[in-house]
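S.K.: Structure incoming, see below.
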Amino acid sequence: MGRLTSIIGVVVVIGLIVVSLSLFTVDEREHALLFRLGEIVESDYEPGLHLKTPLVNNVRKFDNRVLTMDARPQQFLTSEKKNVIVDYYVKWRIVDPVQYYRSTGGVEAQATQRLQRVINDGLLSEFAKRTIQEVVSGERTEIMRVMQERANDEAEIFGVAIQDVRVRRIDLPPEVSGSVFERMRAERARVAKDLRARGAEAAERIRAEADRKRTIILAEAFREAERIRGRGDARAASIFAEAYGQDADFYKLYRSLEAYQRSFRQGNNFMVLDPGSDFFRFFNESGGGQ
C-alpha cells in the first residue's frame, strides 16, 4: 500500500511538471513567439493562458510597450562646418515580433544599437543642411518630423516603429563655446552702444525742441507784456493829459508837491540851488507864478 502511494505521488508530481511545462501565459504588455526546435511556428497570441508541447516547443516573450532609447550625446557637423553636441532620445516599440527576432535575435541592446545608427545617420544628414541658428531654434521641429519619418522607413526591417524622436539640448563643444560667448557679448555691447547713441540723439533733439519752444514762449510773453505796458503808459499819459487840461495850475502844483516829497523824504538831503529858481516858485510866490 505504501509503495502504491509513492508511485501515485511520483505520477502526480510528474503530471504537474508536464502540465506546468505545457502551459504559458501571455500578458497584454507582451508579444510571444512559439518555437518548435528553433523554428518559429506561432506568433499571433492573444493575452491569456496557452498550451505548448514540452521539450519540443519553447516560448520567447518581448515587451509590447513603448521603449526608450536614451542615446549618448553625439557630435554633428552643421552647414557652417561647425560641430554641435546633440543629446537626444527615441521612443520606439516592437510591432512585428517575428521580424524583430529575425533581425536582432530578440536582443533589445542590439535593436537599440541599430536604431541609434539609423538616427545618427539621419541627424548627420539633416544637420549638414542647416546652420547652427536653424538647428537650435528655427527648424528643430522640422528636423524631428523628418527624422521620425525617415527612421520609421528604415526601422521596418527591424520589426519596430519609431513613436517619437526628440532633441533634449544642443551644445557647442567647450573649445567653441568661449569664442561664441565672446562674439555674443561683443554683439550685445555693440547693440547697447547703438541704443545709447540713439537715446542721446533723441535727448538732444527733445532738448533743442524744448529750448526753441521756451524761447518762443518767452518772446511772445515779452511782446504781450510790452504791448500791455504800452497800452497802460498810453492810458496813463492820456489821463495825465486830460487832468492837466482841466486845471493846469493845479497839475503844476501837484507835480511840484510830488517832487518836494521825493526830494526831502530822507531829511538829510543836501542840495545847492538858487532860491529864485523855478523849483521853489511855489515857496516864493503864493500864486505859484505870474
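S.K.: Restricting to the range 26-69, give me the number of residues that are over 26 Å from Gln110 (Cα atoms) and part of a strand (DSSP E or B).
M.R.: 4
S.K.: If the requirement is being surrounded by 15 or more Cβ atoms within 10 Å (Cβ to Cβ) and aliphatic (A, V, I, L, M), which of these qualifies: Ala151, Ala202, Ala128, Ala189?
M.R.: The unique qualifying residue is Ala151.
S.K.: Given (1) surrounded by 17 or more Cβ atoms within 10 Å (Cβ to Cβ); (2) closer than 13 Å to Met69 by Cβ, identify the lone condition not met by Val135.
M.R.: (2)
S.K.: Name the residue, out of Arg117, Arg72, that is assigned to a loop (DSSP other than H, G, I, E, B), without any contact (Cβ under 8 Å) to a residue 60 or more places away in the chain, under 20 Å from Arg166 (Cβ atoms) and of a type in the set (Lys, Arg).
M.R.: Criteria check complete, one pass: Arg72.
S.K.: Within the range 33-46, is there a residue that is touching a helix residue (DSSP H, G or I) at 6+ places or on another chain (Cβ under 9 Å), assigned by TED's automatic domain parsing to the domain that holds Gln133, among the aliphatic types (A, V, I, L, M) and touching a residue at least 12 places away in the same chain (Cβ under 8 Å)?
M.R.: no
The values are calculated or read from the model by the stated rules, or taken from the named source; none is laboratory data. Everything numeric in this text was worked out from a predicted model, so none of it was measured. Glycine also receives a Cβ, built like all others from the backbone with ideal geometry; neighbour counts cover every protein chain displayed.
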